[in-house]
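> This is the structure I want to talk about, given as C-alpha cells.
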Amino acid sequence: MSSNSGYTLARDASLIDRNTFRVDTRAALLVEVQAIEALPAALADPAVAGREPVLIGAGSNLLLAGDIPLALRIEADATTVLGQDASGTRIRAEAGLAWNDFLRQVLARGIAGPENMALIPGTIGAAPIQNIGAYGTEIGEFVETVEAWDRRGARVVRLPREACAFGYRDSVFKREAGRYVIVAVEFFFPAAPALRLDYAGLREELAAMGVATPTASDVADAVSRIRTRKLPDWRTLGNAGSFFKNPIVAAARADALAAAHPAMPVYPAGDDARRKLSAAWLIEACGWKGARQGDAGVAAQHALVLVNHGHATGPDILALAERIAASVEARFGVGLEPEPRIVGARFAPAVAA
Ligand SMILES: Cc1cc2nc3c(=O)[nH]c(=O)nc-3n(C[C@H](O)[C@H](O)[C@H](O)COP(=O)(O)OP(=O)(O)OC[C@H]3O[C@@H](n4cnc5c(N)ncnc54)[C@H](O)[C@@H]3O)c2cc1C
C-alpha cells in the first residue's frame with residue numbers, strides 16, 4: 001500500500017470486509033480517500049486518472065460479481081452543524097460517515113425526523129443513491145443539497161434537492177451511475193415534526209417497550225428492535241437486505257393476478273393505473289424461502305433476503321437470484337428487478353419458453 005496526503009492506494013485488495021454479502025472479490029486497485037480535499041488529487045493520480053472507478057461505501061447494496069479493476073471509497077466522516085433556528089437545523093455530513101451513526105448524532109441533539117430509518121446500513125455518501133427509506137420515511141425528504149464531484153466536468157457541484165430527482169429507491173445519481181462521486185450531504189431537519197407511528201408494528205413495539213409517550217429516540221429504538229428481529233445480521237450471515245424491488249405492474253394485471261391468487265397482497269403504487277406487488281410473497285409462493293444452493297441461499301426468515309452461508313461467490317449469488325426471478329416470471333408473468341447494484345456482471349434471468 002502506498003500512502004499520499006489524504007488518500008491511500010492498495011493493489012490487489014480483498015473487498016471481503018467491504019461488502020455485506022462478504023464475498024471475497026478483489027479490486028486490482030483500491031483507492032481510499034480520508035480527506036475530501038484530496039479527492040481531485042486521488043482521481044488525478046497516474047494510477048487512477050482517466051479510469052472509471054466503482055464507488056463503494058459500506059458495500060451493503062452491492063453484489064460484487066466480477067473483476068473490479070478500480071474501486072474508490074470515501075472515508076471522510078465529519079459532521080458540521082451549519083445553522084439552527086426556530087424553523088429547524090441544517091447539518092452537513094461527509095460521505096464516509098455511517099448513516100446510522102449520523103442518525104443517532106442527530107437524535108441526540110433533540111432533532112426528530114429520520115428516526116424511522118434507524119439501523120439502515122451504509123454510508124451518508126450512498127444514502128441519496130437509492131433514496132434510502134423505511135417505515136414510511138425517505139431520506140430525500142431531508143436532503144437540502146448533495147455535494148458531489150462531477151466526473152463529467154471534473155469539478156465539485158452542489159445539487160439542490162429538486163435536481164436529485166428522488167423517487168422510490170431512485171435518484172439522478174442512480175440514473176446517471178458513474179457520473180457523480182458524492183462527497184457530502186447537507187440536510188435540513190424541520191423543527192418539531194410529528195412522529196410517524198402508523199407503520200407495521202411500530203406502536204405495538206413501543207407498547208412492548210413500555211413507552212407511552214415516545215420521543216424520536218424511542219421510535220429509533222423500536223425500529224431497531226423490529227429490524228434486528230426481522231433481518232439476518234450480515235456480520236454473521238452475509239446479505240444485502242432486500243434483494244429484489246417490489247414490482248410495479250398495471251392495475252389490470254394486478255387485478256387478474258389477485259383474482260387467480262386471492263392470498264396475494266396488492267398495494268397502491270401512487271396512481272390509479274398501477275399497483276405494487278410483494279416480491280417476498282411471489283418468491284415465497286415459488287417455494288424459495290429458506291432454499292439453499294451451495295453456499296448461496298434465501299434467508300429462512302425473509303424470502304426477499306439472499307444470503308451467503310459462508311463461501312458463496314458473487315456469481316453464485318447472482319445465479320441463484322436469476323433462478324428465483326425466472327421462476328417468478330414463469331409462474332406469475334411478473335419480472336423481478338434487483339435492488340442492489342450488480343458489479344462486474346449482468347442480471348439476466350433465463351425464463352423458459
Ligand atoms: C440488512 C440490510 C438492510 C437494509 N435495509 C434497507 C432499508 O430498509 N431501506 C433501504 O433503502 N436500503 C436498505 N438496505 C440497502 C442499503 O443499506 C442502502 O442502499 C445503503 O444506502 C447502501 O449504502 P452503502 O454505503 O453500503 O453503499 P454501497 O452498497 O457501497 O453502494 C451502493 C451504491 O452507491 C454507490 N456509492 C457508494 N458510495 C458512493 C459515493 N460516495 N458517491 C457516489 N456513489 C456511491 C455505489 O457505487 C453503489 O451503486 C439494507 C441493506 C442491508 C444489508
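The values are calculated or read from the model by the stated rules, or taken from the named source; none is laboratory data. Keep in mind the model is a prediction, meaning the values are calculated, not measured. Please note: Cβ atoms are built from the backbone with ideal geometry, for glycine as well, and neighbour counts cover all protein chains shown. Note: accessible area is taken over every heavy atom of the protein model, side chains too, but ligands, DNA and RNA are not part of it. Shrake-Rupley method; radii C 1.70, N 1.55, O 1.52, S 1.80 Å.
> Counting every Cα pair in the range 1-114, what percent are over 19 Å apart?
Result: 53 percent of Cα pairs exceed 19 Å.
> While we're looking at this one, here's another question. Taking the full set of protein chains and a 1.4 angstrom probe, give the accessible area of TRP288 in square angstrom, rounded to the nearest 10.
Around 40 Å² of this residue is reachable by solvent.
> Once neighbouring chains are kept in place and the probe is 1.4 Å, which whole percent of the accessible area of the range 190-235 is contributed by carbon and sulfur?
Of the solvent-accessible surface of the range 190-235, carbon and sulfur hold 54 percent.
> In whole percent, and with a 1.4 Å probe on the protein chains, what portion of the accessible area of the range 238-343 is carbon and sulfur?
50
> Where both partners of a DSSP beta bridge lie in the chain, what percent of those bridges are antiparallel, to the nearest 5?
85
> When all protein chains stay in place, what accessible area (Å², nearest 10, 1.4 Å probe) is found for LEU82?
Rounded to the nearest 10, the figure is 80 Å².
> In what sequence, highest mean first, do 168-178, 29-39 appear when ranked by Cβ atoms within 10 angstrom?
29-39, 168-178
> Whenever you get a sec, compute what percent of the accessible area on the range 2-74 sits on carbon and sulfur atoms (1.4 Å probe).
The nonpolar share, carbon plus sulfur, comes to 49 percent.
> Relative contact order for the range 79-230: what is it in percent, counting Cα pairs under 8 Å that are at least 6 residues apart?
28
> Quickly rank 227-234, 311-318, 207-214 as a protection proxy: mean count of other C-beta atoms within 10 Å, highest first.
Output ranking for 227-234, 311-318, 207-214: 311-318, 227-234, 207-214.
> Helix-only mean residue ellipticity at 222 nm, the chain, DSSP H runs n ≥ 4 weighted -39,500 (n - 2.57), per residue, nearest 500. What is it?
-6500 deg cm²/dmol
> So with the 1.4 Å probe, I'd like the accessible area per residue for the chain, rounded to whole Å².
Result: 44 Å² of accessible area for each residue.
> Sequence gap at least 6, Cα distance under 8 Å: using those rules, report the relative contact order of the range 238-343 to the nearest whole percent.
31 percent.
> Which trypsin sites (Lys or Arg not before Pro) in the range 60-109 pass both tests, a DSSP loop state and at most 13 other beta-carbon atoms within 10 Å?
Passing sites in the range 60-109 are ARG109.
> If ligands, DNA and RNA are left out, what is the accessible area of ASP198 with a 1.4 Å probe, given in Å² to the nearest 10?
130
> Pull out a ≥ b ≥ c, the square roots of the eigenvalues of the alpha-carbon gyration tensor of the chain, then state rounded if a/c is under 1.5, prolate if not and a/b is larger than b/c, and oblate in the remaining case.
oblate
> Taking the alpha-carbon centroid of each part, what is the distance from the range 181-219 to the range 67-95 in angstrom?
21
> Counting pairs of alpha carbon atoms under 8 Å apart in space and at least six apart in sequence, what relative contact order in percent does the chain give?
It comes to 16 percent, rounded to a whole number.
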